[in-house]
Ligand SMILES: [Fe+2]
Ligand SMILES: [Fe+2]
């Protein structure tokens, strides 16, 4: 029997705005954050290289290392206001008017283009800050996978990912600290998700939470940020990070495909519930509460203006939905959409993201990219 939504995510109604907004990070002043990882370190005495797909990925990872310090143009002069001013994603008063949004009775009614621009600068900083915190989550998760996964080929590959993630944290931190004005604390929804992933004792749950859900979303989010940023340094930084992330998601899908084929329906249900929880936490953070707070606008006013509280429209934001475009096909490939009479498919329906199920999954996508690269090399 599946657990109830209240048991899985701590509230009865997935879309309960008051409950979502009540979750805030009350520990922003703490210097360290301690999480129990509840796991056994596993030695294996079977050194045979029996998983060719992982062997291939490991070889690829070894030759794809880059140096965040020397391979990026850090001498680029970055002007965040100029960057957002040139971005098609930055709202203007005229643009908001054209959308017919009702700002009456809110602080937004008196905003000029300058305030929208300041907001867009904050949103960019907040987004990159959450990327950075998520990258540290990935660093810790992959170090844990090195210890807990029982297969030698997976331990080897995961070790390369630890290095990749260290580099990702390093470059986002450097960009935020030297090119922008510092960073935002971790968003509570993201923090709860990372804590739950690290807390789980089962090795495959680290993969499912991190490689499939968090990194699946990151791959789509980095792609979007890469397309919209006008800053050449950030563009290149994101391109480098994305080339690693595609491999990481492929690692998750390849490993779990093998493991999940052996699980019972009851065991799969646990995984489906976890995937649903992760999807809800990631969606909840899109409200970007902290950005509105910093701009002095009550979050609920902003949510009303942008109709994020409208049950008909709330899950139809194309930008938000696209972020799930990697996760849903990957869950399908792993058998998680269909197990237990399609339990997860029905839950994803409530989030409005099931339409992505037949998009290319990252295992396949990675193979395709690899083929294209080989063709280029031999052409
Ligand atoms: Fe990463
Ligand atoms: Fe990653």
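Read the figures in this text as sums done on the coordinates, not as results from a lab. These numbers were taken from a predicted model, which means no experiment stands behind them. Cβ atoms come from the backbone with ideal geometry, glycine included; neighbour counts cover every protein chain shown.
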Give the Kirkwood hydrodynamic radius (Å, one decimal) of the range 1-92, defined as one over the mean of 1/r across all pairs of different Cα atoms.
21.1
Taking the Cα centroid of the range 271-302 and of the range 13-30, what is the distance between the two, rounded to the nearest whole Å?
8
Working from the alpha-carbon coordinates of the range 148-243, get Rg over Rh, Rh being the Kirkwood radius.
1.00
Semi-axes (Å, rounded, descending) of the ellipsoid equivalent to the chain per its C-alpha gyration tensor are 34, 26, 19
When the helix-only estimate is applied to the chain (DSSP H runs of n ≥ 4, each -39,500 (n - 2.57), divided by the residue count), what is the mean residue ellipticity at 222 nm, nearest 500 deg cm²/dmol?
-19500 deg cm²/dmol
What shape does the range 89-147 take by its C-alpha gyration tensor, where a ≥ b ≥ c are the square roots of the eigenvalues and a/c under 1.5 counts as rounded, a/b above b/c as prolate, and the rest as oblate?
prolate
Kindly express, to the nearest 10 degrees and within the range 0 to 90, the angle between helix 339-351's C-alpha long axis and the longest C-alpha principal axis of the chain.
20
Where the centroid of each part is defined by its Cα atoms, how far is the range 163-185 from the range 200-249 in Å?
14
For the range 201-261, what is the Kirkwood hydrodynamic radius in Å, using each pair of distinct C-alpha atoms?
12.4
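Whole-Å semi-axes of the range 159-200's equivalent ellipsoid, largest first, each the root of 5 times a Cα gyration tensor eigenvalue?
22, 18, 4
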Compute the angle between helix 113-148 and the longest alpha-carbon principal axis of the chain, please, reported from 0 to 90 degrees and rounded to the nearest 10.
20
Cα centroid of the range 74-99 to Cα centroid of the range 137-153, whole Å
39
Radius of gyration and Dmax over the Cα atoms of the range 176-227, both given in Å:
13.8, 39
In whole angstrom, how long is each semi-axis of the equivalent ellipsoid of the range 242-304, when you take the square root of 5 times every eigenvalue of its Cα gyration tensor and sort them from largest down?
36, 18, 6
Ratio of Rg to Rh over the range 37-166 (Cα coordinates, Kirkwood Rh, two decimals)
1.21
On the first, second and third principal axes, largest extent first, how far apart are the outermost C-alpha atoms of the range 181-310 in Å?
51, 35, 26
Say R0 is 30 Å: what FRET efficiency, to the nearest 0.05, do residue 263 and residue 28 get from their beta-carbon distance?
0.15
